[in-house]
Structures are given as structure tokens and as C-alpha cells.
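Asker: Quick one: the structure is below, questions incoming.
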Amino acid sequence: MIERIFQVDSDGNTRLDLFLKARLPGFSRAQIQKAIKEGQVLINGHLARPGQKLKIGDLVEVQLALPVTEEHLEPQPLPLEIIYEDEHLVVINKPAGLVVHPGAGVKTGTLVHGLLYRYPEIAAVGSTARPGIVHRLDKDTSGVMVVARTQSAYLSLRQQFEERSIHKVYLALALGRFPQKKGIIDLPLGRHLHHREKISVRTRKPRVAITHYEVLREFRETSLMALRPVTGRTHQLRVHLSATGHPLVGDKRYGRGSRQRPRCPRLFLHAWKLRLVHPLSGAEMEFESPLPSELQAVLNKEAERK
């Protein structure tokens, strides 16, 4: 995945595809035009249009999927828990441990492979490297997730995510107690200064990141939280909680690793609720995924220790 942000400073009135071709030499103009049509390019936070011309001061954001060979996207019969489906979209309950789409080191067995087996038409929707995917959950995160089955639904859902009108709520167990039971964490995030595979509040290129939180229940040493990300930065919830001194239970990357208490078999982060507007009918829809049994067991033990 190529992720870049460009500020237009001296190329006003230039076509977007030509602007990007000059800055992404590894991609052909046809690939860039296709990426624009698939919703992988934003201008000032909005989906770009083919042939759009740029103005000085525009901010161009690119999330360009690297070419994936056909064999990597062979449909595979994977078990999928479907919460809701119609001809335009499907809502699934993603288990922890399942990677959403192929990437570095992961070529088969992803959610995309299972979706292609069950819904072959998704192959023509969105990016060829991650068809149908309008947002994703980290491998270690479980919960509710929406996928587009048509191109029109894909563009509508992508626009809703970019406009931050889709309402997402996560359940998380964090270490410690919070003096304020409701609040906002407003800490810009970016790549770690020294460890490029990590996200940090200490970065050369900070991007706005905002999370609303509410304490639902307190235990002796932990707090059950409802987290609502306003922005959708990589690892945002994990890094925000860690930066405030309350890392998520089970977070080996941003927490205390194997020495952390209480013991948890995985990252305690679950996509609990998702509210969106249906791409065709315009009706508001809300979906919910119950807390998985292994995380509920951790909560039960915390309640016993209280």
C-alpha cells in the first residue's frame, strides 16, 4: 500500500492524474486514473473525480494499493459470520486473527478471499487489491464491519467514511481508572520517529486524530470503555489510550506485553456498533456485534477481583 499526502504549491490548474503521475513514478497513468475512479484518492478530504483540476493549496491524499497478482485473490471458502446482507452491502462479524486484505507477508486466507468465494461480484467493486473493502479492522480486532457489493455502494460508503458521518463504537478494556468518566482525546498521530512500523504521538508528520471515550464500568485495576473514533488513523485507539497512560489490555505492541495484568488471550478491542446510511434507500441502519466469549471471560474475572 502506497500512502502519500501532497500539498499543491506550484501546479495549480493541473489535472490530478498528471500531478500524481509525476510524483508516483512506479505507477502508470492508467493505474492512477483507475485508482481515482476506485476512490483511493482524496482532495481536501473528499473523493476525487476523474479529470479534476487542482488549485494551489489543495491537499491530495493517496492510498494506492500495490498491484496484486491474480493468484493472491483466488476465492477461498472461509467461514464468515453474516450479520446482514442485501444486494448492495454485507455486514459481517469479523473474528480476531483474520486479516482483512492481502498485504506484506499475507497472500491468502484473508477476509477478501472469503468474500470473493461467497460474493463473486465483489471482484469488480473498488480496488482490485482489496475489492469491496471500504474500511478495515486490524488483524487482532474483532467486530462489526461493512463491505460494499456494488460500485455505487462502495463510493457512497467511502464518502460517508471520509465525511466522518458513519458512527463507530468500540468496546475496550484499558489499564487504570480515568478521573473523568467522559472525554475527548485529541492527539495528532503519525509514523514513529524511529520505528516505522509503529504509530506515535511523536512524529514528524502529525495528522489530526480525535477519539471520544466513556467509562462504562470500573474494576480494581481496569476500566471498560466505549470508544468512538472521529478520525480513522491507523492504530488510533491503541495509541491514544497508550499515550494517556492507559494502554489496552492485551496490547503487545503499545502496552506492557507479557508482563501486563490482567491476562488476556488477545487484544481487548472489539468493534461493537456501526451506524450508517444505506447507499440506495437512504435509511439509517445500525448494527451491533456482541462481545466475544474470550473477552467476556476476561471481564468476568475482573468483576470477581473487584
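Asker: Does Y213 satisfy the condition of being without any contact (Cβ under 8 Å) to a residue 40 or more places away in the chain and not in a helix (DSSP H, G or I)? Write out each step before concluding.
Answerer: Details: without any contact (Cβ under 8 Å) to a residue 40 or more places away in the chain: yes; not in a helix (DSSP H, G or I): yes.
In short, yes.
Asker: Additional query: Across the stretch 25-42, which residue is modelled with the highest pLDDT among those that are over 23 Å from T150 (Cα atoms) and either surrounded by 22 or more Cβ atoms within 10 Å (Cβ to Cβ) or not small (G, A, S) (or both)?
Answerer: Within the stretch 25-42, the first condition is being over 23 Å from T150 (Cα atoms), and the residues that meet it are 25-29.
Checking which are either surrounded by 22 or more Cβ atoms within 10 Å (Cβ to Cβ) or not small (G, A, S) (or both) leaves us with 25, 27, 29.
Working: P25: 70, F27: 78, R29: 82.
Only one residue tops the list, namely R29.
Asker: If you don't mind, another one. With H72, H88, H101 as the choices, which residue is under 29 Å from Q33 (Cβ atoms) and at pLDDT 95 or above? Lay out the reasoning, then the answer.
Answerer: Working: H72 fails: at pLDDT 95 or above; H101 fails: at pLDDT 95 or above.
Of H72, H88, H101, the one residue that is under 29 Å from Q33 (Cβ atoms) and at pLDDT 95 or above is H88.
Asker: Could you tell me which of the residues V134, V230, V239, V169 is closer than 21 Å to L42 by Cα and surrounded by 18 or more Cβ atoms within 10 Å (Cβ to Cβ)?
Answerer: Matching residue, one of V134, V230, V239, V169: V134.
Asker: Please find, within the stretch 24-50, the residue that is farthest from Y154 (Cα to Cα) out of those that are assigned to a loop (DSSP other than H, G, I, E, B) and of a type in the set (S, T, N, Q).
Answerer: Within the stretch 24-50, the subset assigned to a loop (DSSP other than H, G, I, E, B) is 24-28, 38-40, 44-45, 48-50.
From what is left, the residues that are of a type in the set (S, T, N, Q) are 28, 40, 44.
On the way: S28: 24, Q40: 11, N44: 20 Å.
Across the stretch 24-50, the extreme among qualifying residues is S28.
Asker: Identify, by number, the condition in (1) in contact with a Leu (Cβ under 7 Å, 6 or more places away or on another chain); (2) in a loop (DSSP other than H, G, I, E, B); (3) under 30 Å from E294 (Cα atoms) that A129 doesn't meet.
Answerer: With (1) in contact with a Leu (Cβ under 7 Å, 6 or more places away or on another chain); (2) in a loop (DSSP other than H, G, I, E, B); (3) under 30 Å from E294 (Cα atoms) applied to A129, the lone miss is (3).
Asker: If H246 passes every condition in (1) touching a Leu at 6+ places or on another chain (Cβ under 9 Å); (2) in a strand (DSSP E or B) but one, which one does it miss?
Answerer: Of the numbered conditions (1) touching a Leu at 6+ places or on another chain (Cβ under 9 Å); (2) in a strand (DSSP E or B), the odd one out for H246 is (2).
Asker: Could I ask something else about it? L291 - would you say it is modelled with pLDDT of 95 or more, within 25 Å of A104 (Cβ to Cβ), part of a loop (DSSP other than H, G, I, E, B) and of a type outside the set (F, W, Y)?
Answerer: Working: modelled with pLDDT of 95 or more: yes; within 25 Å of A104 (Cβ to Cβ): no; part of a loop (DSSP other than H, G, I, E, B): yes; of a type outside the set (F, W, Y): yes.
Criteria not met by L291.
Asker: Now for a different question. Would you check if K181 is under 26 Å from H135 (Cα atoms), among the basic types (K, R) and surrounded by fewer than 18 Cβ atoms within 10 Å (Cβ to Cβ)?
Answerer: Working: under 26 Å from H135 (Cα atoms): no; among the basic types (K, R): yes; surrounded by fewer than 18 Cβ atoms within 10 Å (Cβ to Cβ): yes.
Spelling it out, it is not the case that K181 is under 26 Å from H135 (Cα atoms), among the basic types (K, R) and surrounded by fewer than 18 Cβ atoms within 10 Å (Cβ to Cβ).
The values are calculated or read from the model by the stated rules, or taken from the named source; none is laboratory data. Everything numeric in this text was worked out from a predicted model, so none of it was measured. Note: ideal-geometry Cβ built from the backbone for every residue, glycine included; neighbour counts use all protein chains shown.
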